[in-house]
1. Please determine whether any residue of segment 155-168 is surrounded by fewer than 20 Cβ atoms within 10 Å (Cβ to Cβ) and at pLDDT 95 or above.
2. Could you tell me whether any residue of segment 351-359 is aliphatic (A, V, I, L, M), in contact with a Lys or Arg (Cβ under 9 Å, 6 or more places away or on another chain) and assigned to a loop (DSSP other than H, G, I, E, B)?
3. Return the residue satisfying two criteria in turn: it lies in segment 339-378 and is under 22 Å from Ala64 (Cβ atoms) and among the acidic types (Asp, Glu), and of such residues it is surrounded by the most Cβ atoms within 10 Å (Cβ to Cβ).
4. Picking from Leu327, Leu278, Leu286, Leu332, which residue would you name as being modelled with pLDDT of 90 or more, touching a Lys or Arg at 6+ places or on another chain (Cβ under 6 Å) and not hydroxyl-bearing (Ser, Thr, Tyr)?
5. Give the residue, chosen from Glu175, Glu212, Glu237, that is over 19 Å from the mean Cα position of the chain (by Cα) and at pLDDT below 95.
6. Checking Ala251 against (1) more than 30 Å from Tyr355 (Cβ to Cβ); (2) of a type in the set (A, V, I, L, M); (3) modelled with pLDDT of 90 or more: exactly one of these is not met. Which one?
7. Scan segment 103-135 for residues that are modelled with pLDDT of 85 or more and either outside any strand (DSSP E or B) or of a type in the set (Lys, Arg) (or both) and jot them down.
Amino acid sequence: MNKLLLIGNFVNDIILIHEDLVLQRERSFTDFLRDSQLNGRDNKPGRVTKNTALGGSVTYASLASSAFGGATSYIVSTLGTDINDSYKTMIEPKTHPTTGTINTDYIKKTDSNNTSYQLNYYNRKKNRTLLLMERGQSIGIEQCLRCLCEQQPDAISFVPIAGEIDVDLIVAVLEYIARMPTADAKPKIVAFDIQGLLRAFNEQRVTTHSREVMVERLTRIGYALKSAGVISILKAEYGEAVAIVCNDNGADTHNSSTCTATTMSTPPITPGECAYLLRSQFHFTLVSVTMGGDGGFISSGVTGEQYIPTFKPVAVMDETGCGDTFLSCTILELLHTLSGKSMIDESAIDPLDRYQLASEDIIHCLEVGSAGASFLVEQIGPNGFASRSTILDRVNNGQKQSKSIYLQQQHQHQHQHSPSLVSKDQEHQNQNNSSSSSSSTAMAGASATSSNTNKSSVEKTTTTTNETTITKPPKSTTHYS
């Protein structure tokens, strides 16, 4: 049975669904709260439905892993006294005989409150804005290293939601992995969800860190990854990727609907190019840039930039936790794929080449992740999880929801000789020649390679104002106010 180490805090979610509220993209939900005094006082517009739920990436990732089967999830977290009652019925049971197991031995209980978000859904639940109501305690390095030492997990997933994990902790874990004496003792996979590292807070407002801060953080993580020698996966929503790749000259680029040509250091770029830049500049093995119901793009040295479609669900009831489920199922299927392979070339620069993984192997694992998320949306809350066999049936026999515009972008990535899309052999040579380059040089290279982006590959959802093209990532579900 595989071992998956999940590092992040649980969340008490307060869910407000504003049934009749429709806002234009140019007007943020925070502006609306201020203007209408909606925040618990008067002038409430229309119907508001309130619910509470147990949230956080560790919730969805561990439950998805349990349903998937063949794995034990070890959760490293801090737990406050006010945790949602669902924790006792959904997480605390340690053994699931017919599927996987959730282990809570490494959760540290505290006297403080848990992280809590207020999730405001509006525009017929197509858009969501977060407000931070409470912030839980940080996770200690000792907690992580103890679990890593005692359990020797096959994979680690860093899934913070409110800054409970800092870069020092991540680097400490990666340095510990690098010192492990044998490859068999090391985790095969280390994964990251960028959201918790990107978020910043101004009282209740959830914003994002500046591009410069994120470049510094990802650069530190990237160089630690080079020494760790593991398959590394980074998942980011398209808007989150744009916030890192864009140049925020005081502009509101943390809002995924307002990234403009005049606020970028380069013209608008596609999801596939975002994935490529994040991977190549920060030394990740594989980057997945997701776009909600429109699918996503992956980038790796083996696959290049490939479009991964979604799979048609029976119904769409609740999209919360889709990214967590996608990442968890992808990791577990990749572990299953690796279990049938031995490390052939330890000296290979790309960890995927060490196992001689084919492009088809990697794309299959991402499709399993996508299909796993398609089951979650069919039910409300953390309930719609599926077993590996059920997910594989949908991969093989289900309906892919491919978007023609992204298939066209994939074709352009494969057949145009764009400076931002170099061959795998050339990329390996560049890595050898430029291992000592600084973060500022790296991002300057990102700007240079993106400056020749073909205009035909810009997203179709655009408007023109005073001859400035505004590119809007599709179906953005979360807006940072």
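The values are calculated or read from the model by the stated rules, or taken from the named source; none is laboratory data. Worth saying up front: this structure is predicted, and the values here are computed from it rather than measured. Positions of Cβ are generated from backbone atoms using ideal geometry, with glycine treated the same way; all protein chains shown enter the neighbour counts.
1. Just the residues of segment 155-168 that are surrounded by fewer than 20 Cβ atoms within 10 Å (Cβ to Cβ), to begin with: 163, 166-168.
Right, trim to at pLDDT 95 or above and you get 167-168.
Within segment 155-168, one or more residues are surrounded by fewer than 20 Cβ atoms within 10 Å (Cβ to Cβ) and at pLDDT 95 or above.
2. Here is the first cut: in segment 351-359, the residues aliphatic (A, V, I, L, M) are 352, 357-358.
Narrowing the set further to residues that are in contact with a Lys or Arg (Cβ under 9 Å, 6 or more places away or on another chain) leaves 357.
Those left that are additionally assigned to a loop (DSSP other than H, G, I, E, B): 357.
Within segment 351-359, one or more residues are aliphatic (A, V, I, L, M), in contact with a Lys or Arg (Cβ under 9 Å, 6 or more places away or on another chain) and assigned to a loop (DSSP other than H, G, I, E, B).
3. Glu367
4. Values: Leu278 fails: touching a Lys or Arg at 6+ places or on another chain (Cβ under 6 Å); Leu286 fails: touching a Lys or Arg at 6+ places or on another chain (Cβ under 6 Å); Leu332 fails: touching a Lys or Arg at 6+ places or on another chain (Cβ under 6 Å).
Criteria check complete, one pass: Leu327.
5. Values: Glu175 fails: at pLDDT below 95; Glu237 fails: over 19 Å from the mean Cα position of the chain (by Cα).
Result: Glu212 is the single residue among Glu175, Glu212, Glu237 that is over 19 Å from the mean Cα position of the chain (by Cα) and at pLDDT below 95.
6. Among (1) more than 30 Å from Tyr355 (Cβ to Cβ); (2) of a type in the set (A, V, I, L, M); (3) modelled with pLDDT of 90 or more, Ala251 violates only (3).
7. If the condition is that a residue be modelled with pLDDT of 85 or more and either outside any strand (DSSP E or B) or of a type in the set (Lys, Arg) (or both), then Thr104, Asp105, Tyr106, Lys108, Lys109, Thr110, Asp111, Ser112, Asn113, Asn114, Arg135 are the ones that fit.
Per-residue answers, yes or no, for (1) under 17 Å from Leu169 (Cα atoms); (2) in contact (Cβ under 8 Å) with a residue 12 or more places away in the chain; (3) not β-branched (Val, Ile, Thr):
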| position | (1), (2), (3) |
| --- | --- |
| Lys188 | no, yes, yes |
| Gln195 | yes, yes, yes |
| Leu198 | yes, yes, yes |
| Val206 | no, yes, no |
| Thr219 | yes, yes, no |
